[in-house]
Amino acid sequence: MLDAWLDLLLGSSCSVCGAPGRVLCRRCEAALPREARECWPTPTPPGLVRPCAVGEYADPLRRLVVDHKEHGRLGLARPLGRLLAVAVVDTWRAAGVRDRPADLRVELVPVPSHPSVVRERSHDPLLRIARTAAGAVRREGLRARVHPVLRVTARPVDQAGLDSTSRAVNVRGRFAVRRAARVTAPVVLVDDVITTGATLREAQRALEEAGVTVLGAATVAATRRRHPGTEGLHPPLPAVAPGD
């Protein structure tokens, strides 16, 4: 009844299966992954911290990311934030959380978009997802907050279609830590998707040059490179089946 009422009122439908009602129906939401795993791109940018994701950047995760980011379906921030939280907790544990003081806080640092891109979209998708993720992480018993300390120094060209080398050149020197920022706890870099790892590596460089400890990188999804040659993911991430 609720889904039918929402569809009548808002004309909404599930981003995955198209069922009228919620932006993500209960069945499709229940089918989303609940674990994260390492997702090293091949080739891996030298020095990249451990990256992880909850699934491959293919439907249904691709639909959720694109609908939220490009089509303004803001209700998807909640399930995407929960997925990101799974990756954040995995990163924290892989970094040795059991050996760390109980009162230590983890800070989620989103990879920033250029302000003009945020204006074009009329919202900041990753920041919204990260804030939802921080709340979910706190419910897991970890002290967490979003700390957007990175800024974009110049807008890179569209990275679609670029190989790993071109992406690394495109983002080189593109991020810096805000002058007034104070980071006193280890951080987890967060992004929606990892492709070649070049953007995450550049964000990591900016943080580390400012003396910040980066524990790892957590993402919702990882792109499997299907071009001929050596590019891919190791180990392979399982595809996520939509609910039916």
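What order do you get for THR184, THR213, THR91 when you list them from fewest to most C-beta neighbours inside 10 Å? Could the numbers behind the result be given before it?
Numbers: THR184 8, THR213 12, THR91 27.
Going from least to most buried by this count: THR184, THR213, THR91.
Near the amide H of ARG73, under 5 Å away, which other amide H atoms are found, from residues 5 or more places off or on another chain, if H is placed in the peptide plane?
Here the answer is HIS68, since their amide H atoms fall under 5 Å of that of ARG73.
Starting from the 7 Å offset along Cα-to-Cβ, what nm value, one decimal, do you get for the label separation of ARG93 and ARG27?
Taking the simple label geometry, ARG93 and ARG27 are separated by 3.0 nm.
Considering amide H positions built from the backbone, and no H for Pro or chain starts, which residues 5 or more places from VAL146, or on another chain, come under 5 Å of its amide H?
LEU108
Could you calculate the contour length gain from ASP59 to THR213, that is, 0.36 nm times the residue separation minus the distance between their Cα atoms, to one decimal place in nm?
52.1 nm
Under 1.5 on a/c is rounded, so check that first for the range 170-218, then, if it is not, pick prolate when a/b is larger than b/c and oblate when it is not; a ≥ b ≥ c are the square roots of the alpha carbon gyration tensor eigenvalues.
Numbers: a/c = 2.23, a/b = 1.35, b/c = 1.65.
Judged from the Cα gyration tensor, the range 170-218 comes out oblate (a/c at least 1.5, b/c at or above a/b).
The numbers here are math on the coordinates, done by the rules we state, and not lab data. Since the structure is predicted, the reported quantities are computational estimates derived from the model, not experimental observations. Every residue, glycine among them, receives a Cβ derived from its backbone with ideal geometry; neighbour counts consider all protein chains shown.
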